[in-house]
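Down below is the structure, laid out as structure tokens.
None of the figures in this text is laboratory data; all of them are computed from the coordinates on show. Quick caveat: nothing in here was measured; it's all calculated off a predicted structure. When we count neighbours, we look across all protein chains shown, and the Cβ atoms used for this are built from the backbone with ideal geometry, even at glycine.
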Amino acid sequence: MTVKRAAVMGRCMGVKRAADLALAAAAESGGRGVFTLGPLIHNPQAVAELEAAGVSALSEGELDGRVAGRTVVLRAHGVPPSSRERLLALGARIVDATCPRVLTSQRRAAGYAARGWKVVIAGDAGHGEVVGIAGYALSAVVVGGPGEARAVDASGPGGEILPIALIAQTTIKKEEYEAIRAVLAERFPVLEVVDSICPCTEDRLGALAVLAAEVDALVIVGGRNSANTARLLATAKAFGKPAWLVETAAELPPEAFGFDKVGLSAGASTPERLIAEVEESLCRGGLPRRAGFGVL
Ligand code: SF4
């Protein structure tokens, strides 16, 4: 069997940077370890590896005196200002691993809100990144699609219609963002659209399309709780090729070994080690590893 990797796949700049910052902070912690506010990465195996290296996740509800004097790493999605303030009030030291792209969205939201604009965020209202950005523009409204965009109320304190600033969750689909933009453009006279979609997801989808034309089946490596990994799988299936999502090599189904050419892609949170293990297992036809064997 030949295994071919997508030209663009695996960890994005923001996720890699966050993991590196957390590991560096843990190494400097004198054995005490560090906390992250929520899981740093949407990949269970990567989270387990981080825990072994002294990086443990705490939810917002678990924040208490245990963070006093300890380092808390803010993940790539970012957090609202209220979370930072809470951490500082509890005596935590903050290492900010917010992705630079998300930081830009937060700053743009704060800037528009300070000028009296109505900030509309296109994305998933419950997603950490969206919650974080909304925290920088307290009157912001989140819309998940064109239907919700039709219900946006941009009335100012005196009944005037406020100008609208539209900001996208970095991982939203371009077509969805455009559909939301079109509705708002019809309804409001002043609309500024921030180009905040991260090219990482589109780049991975584009590379997957090229790969799909060259192989018989596709394997996507990534966490089941990762939205961008789920999108890769859905796209792979849309090409009409057999496709599977696996978190580890052990999850490869027997059918995956029955093709001449298999394509490999991975979500933006997937560590290289897991990708390499899946690649090696496919090359070995699922047989147990022999001493000294290696494909990379
Ligand atoms: S997908 Fe893009 S915006 Fe999100 S963490 Fe990665 S680089 Fe940053």
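As a rough footprinting exposure proxy, the listed residues Glu51, Glu214 were ranked by other beta carbons within 10 Å of their own, and the order from fewest upward is Glu214, Glu51. Think of each Lys and Arg Cβ as +1 and each Asp and Glu Cβ as -1; about the Cα centre, that makes the dipole of the chain roughly 400 debye.
Annotation: the antiparallel percentage among DSSP beta bridges lying fully within the chain is about 5. For Leu191, the amide hydrogen comes within under 5 Å of the amide hydrogens of Ile164, counting only partners 5 or more places away or on other chains and with H modelled in the peptide plane. The range 165-201 and the range 217-261 have Cα centres spaced 30 Å apart. Listed by chain and number, the lysines whose C-alpha is less than 28 Å from the C-alpha of Lys173, apart from same-chain residues fewer than 8 away, are Lys4, Lys16, Lys118, Lys237, Lys241.
Here r is the Cβ-Cβ distance between Glu28 and Asn225 and R0 is 41 Å; the resulting FRET efficiency, rounded to 0.05, is 0.90.
Close amide-amide hydrogen proximity is noted between Thr71 and Phe35, Arg93, each under 5 Å apart and 5 or more residues distant or on a separate chain (H modeled in the peptide plane; Pro and chain starts excluded). Over the range 13-98, Cα pairs under 8 Å with separation of 6+ residues give a relative contact order of 33 percent. Between Ala182 and Ala114, the FRET efficiency from the beta-carbon distance, with R0 = 25 Å, is close to 0.35. Whole-Hz Karplus values for the range 79-93 come out as 9, x, x, 4, 5, 4, 4, 5, 4, 5, 5, 7, x, 7, 9 Hz, taken residue by residue from phi with 6.51 cos²θ - 1.76 cosθ + 1.60 and θ = phi - 60°; glycine and proline positions read x. Couplings for the range 53-70, taken from phi via the Karplus curve 6.51 cos²θ - 1.76 cosθ + 1.60 with θ = phi - 60°, read 8, x, 10, 10, 8, 10, 7, 4, x, 8, 5, 7, x, 5, 8, 4, x, 10 Hz in order; Gly and Pro are left as x. Mean separation of Cα pairs under 8 Å and 6 or more residues apart, divided by the residue count, gives the chain a relative contact order of 21 percent. Amide H contacts under 5 Å for Arg5: Leu264, restricted to partners 5 or more places along the chain or on a different chain, H placed in the peptide plane at 1.01 Å from N.
When the chain is treated as a Gaussian network with alpha carbon springs shorter than 10 Å, the biggest mean-square fluctuation among Thr36, Thr104, Thr270 belongs to Thr104.
Just want to confirm a number: the relative contact order over the range 78-204, from Cα pairs under 8 angstrom separated by 6+ residues, in percent. About 25 percent, as a whole number. Placing +1 on the Cβ of every Lys and Arg and -1 on the Cβ of every Asp and Glu, with no other charges, gives the range 101-193 a dipole of roughly 260 debye about its Cα centre.
Annotation for Asp124 and Lys174: the two label points, set 7 Å from Cα along the Cα-Cβ direction, are 2.2 nm apart. Test of understanding: in a Gaussian network model of the chain with alpha carbons linked when under 10 Å, which of Pro157, Pro271, Pro253 would top the mean-square fluctuation ranking? The residue that fluctuates most here is Pro157.
Find the centroid of the Cα atoms in the range 70-119 and in the range 2-19, then give the distance between the two in whole Å. Result: 26 Å between the Cα centres.
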